[in-house]
Structures are given as C-alpha cells and as structure tokens.
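Structure first, then comments.
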Amino acid sequence: MTNRKSAEAGVNVGVDIGKEHLDFHIHERGVYWRSDNTPEGIRYSLNRLARYQVARLVMEATGRYELLLADAAFERMMPVVIANPRAIRRYAGAVEQLAKTDKLDAALIAEFAARIQPKPSSSQSKNLREIKDLLARRRQLMNMRTRELNRQSIMGDGVLASTYRRLIKQLDKEVEWVDQKLNAAIEKESAWDEKKALLKSVPGVGDVLVHTLLGDLPELGTLNNKQIAALTGVAPMNR
C-alpha cells in the first residue's frame, strides 16, 4: 500500500517502451492507458499527465525507442528517470512477478518508481547523444572487422583472399570516418577539456579510450569512486 507521504509528494508513472506503442501506468491511481510512440501520441500522454503532480516518469533504457518520449518530457521539465533494465529485472525477481505483458510491465515499472524512488536523469544534449551513437557505431564496425579477420585467417586463401581484403579495407575507412566525426563532436564539449587532458596524461591511454570514457560515462569527475562503480555495474554485491 502506498503511504500517505508518498501520495502527497506526487504520483509515480511507469512507461513500458515499445517500438510502436507506449504503455503508461500511474501507480498511486491505478490508471493505465496506451498511446502511439509518435509525436502525436506522446503529446496526448504528456497532456494527460499534466493533470497530475508527477514525482517520477520512469522508463527503461532501450537504446533508441525511449528517446522521443524522454526528450518531450524533458522539454516540459518533467522528472524523467531512464532506468537501467537490469535494475527493473532485479526488482521483478524480488517481488516474484514472472508474468510479462506490456500492461503488467508498465505497472511494475511504476511500482519500482514508487518503492525504489530512483533519482531523475539529466537531459542529454544532441551533441552528447551523437557522441554515444558514434561510439556505438565504432564498436559495431570493430566487431565486424574482427569477424572478417577471423574468417580471413580460416578461409582467406586462394579465390577468397581478395573479398576479405576488400571488406576489411572498407571497414577501416568507415572506422576512420567515425573517428573523425567523434573528434569533431568531442571538441564541441568544451567542458570536457580538463578531463580529456587528465585522462590522456595516463600512460597507455589514447583517443579511443578517452572518447569512450567521456561519451559513455560523462559523470566522471562529478561522482565519487563508489558511485561510479555502482553506475557502471562493477561494485561488489553481497551474496
């Protein structure tokens, strides 16, 4: 049962994110609805939420599908929480919720919001999002390159040799293009200049690692070592 204090502080809203649909659940009111994951559908849902004092609007990080809703909610100064899916799965296991439907998932996320009370996320600039996308693309390209190198070492003799060389050469060009875009995007983040210089002063730390740390972990320098360890999922857990 939700206590009186939390009810007075506002409502907790859970959103199950899908490619085409968004499922909303207000924990304290037991209200559920579905809207399209489109600008029009999101506008309808945020207008509906405007009737309430929202303490948290919680959604899972899906990689892309939550961004349209998150950006629109940030613009309205709503307390958005983009939660780690692992944390919500752990909560589902703790409360022994095994059944999965979009409606049930939205209710679970809303309950997670009310019980755990995660802190709102900070809005990300378009440039920072571009950096994250470029880093993700670089990892994809490097994985493809590694697979081609492995295939070349096994089957790259004779008639097949040229096809592996061509593809690896093309992947190298794509990686070079991404690196150029990354350098340009990171140069725009003037607030990172000091952190970038500090990281590059460490022996063995090059541009790729610096870009990865700054892009994927912009919280560096603002959190202590224990908070960073928890954020990245490497903090030891009691068993």
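A compact table of results
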read-out	value
Test: residue in the stretch 43-59 that is modelled with pLDDT under 85 and open to solvent by less than 80 Å² (accessible area, probe 1.4 Å)	no
Filter result for Ser121 (among the hydroxyl-bearing types (Ser, Thr, Tyr), surrounded by 15 or more Cβ atoms within 10 Å (Cβ to Cβ) and within 30 Å of Arg56 (Cα to Cα))	yes
Every pair of residues 6+ apart whose Cβ atoms lie under 7 Å, when the first sits in the stretch 83-104 and is of a type in the set (Ser, Thr, Tyr) while the second is open to solvent by less than 70 Å² (accessible area, probe 1.4 Å) and in a helix (DSSP H, G or I)	Tyr91/Phe112
Among residues of the stretch 176-211, those that are in a helix (DSSP H, G or I) and exposed (fewer than 15 other Cβ atoms within 10 Å of the Cβ), counted	17
Residues of the stretch 109-143 that turn out to be aliphatic (A, V, I, L, M) and in contact with a Gly (Cβ under 7 Å, 6 or more places away or on another chain), as a count	5
Matching option when the condition is exposed (fewer than 15 other Cβ atoms within 10 Å of the Cβ) and out of contact with any Cys (no Cβ under 7 Å at 6 or more places or on another chain), among Glu28, Glu66, Glu75	Glu75
The stretch 174-195 residues that are touching a residue at least 40 places away in the same chain (Cβ under 8 Å) and under 15 Å from Val208 (Cβ atoms), paired with ones that are open to solvent by 40 Å² or more (accessible area, probe 1.4 Å) and of a type in the set (Val, Ile, Thr) (beta carbon under 6 Å, 6 or more apart)	none
Residue pairs meeting the criteria (Cβ under 7 Å; at least 6 apart or on separate chains; first among the hydrophobic types (A, V, I, L, M, F, W, C), in the stretch 56-77; second in a loop (DSSP other than H, G, I, E, B))	Leu57/Met78; Leu57/Pro79; Val58/Pro118; Met59/Glu66; Ala61/Asn84; Leu68/Asn37; Phe74/Ser123
Residue in the stretch 95-112 that is nearest to Asn37 (Cα to Cα), counting only those that are of a type in the set (A, V, I, L, M) and assigned to a helix (DSSP H, G or I)	Ala106
Among residues of the stretch 87-118, those that are aliphatic (A, V, I, L, M) and either farther than 17 Å from Glu60 by Cα or touching a Cys at 6+ places or on another chain (Cβ under 9 Å) (or both), counted	4
So Leu135, is it touching a helix residue (DSSP H, G or I) at 6+ places or on another chain (Cβ under 8 Å) and either among the aliphatic types (A, V, I, L, M) or farther than 30 Å from Gly30 by Cβ (or both)	yes
Pair list, Cβ under 8 Å, 6 or more apart: the stretch 145-159 residue in contact (Cβ under 8 Å) with a residue 24 or more places away in the chain, other residue open to solvent by 60 Å² or more (accessible area, probe 1.4 Å) and in a helix (DSSP H, G or I)	Arg145/Asp172
Members of the stretch 139-160 that are surrounded by 12 or more Cβ atoms within 10 Å (Cβ to Cβ), of a type in the set (A, V, I, L, M, F, W, C) and modelled with pLDDT under 90	Met155, Leu160
Meets criteria (surrounded by 14 or more Cβ atoms within 10 Å (Cβ to Cβ) and either basic (Lys, Arg) or at pLDDT 85 or above (or both)) for Ile168	yes
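The values are calculated or read from the model by the stated rules, or taken from the named source; none is laboratory data. Bear in mind the structure is a predicted one, so any value in this text is a computation, not a measurement. When we count neighbours, we look across all protein chains shown, and the Cβ atoms used for this are built from the backbone with ideal geometry, even at glycine. Side chains are part of the model used for accessible areas, which takes the heavy atoms of the whole protein and leaves out ligands, DNA and RNA. Shrake-Rupley method; radii C 1.70, N 1.55, O 1.52, S 1.80 Å.
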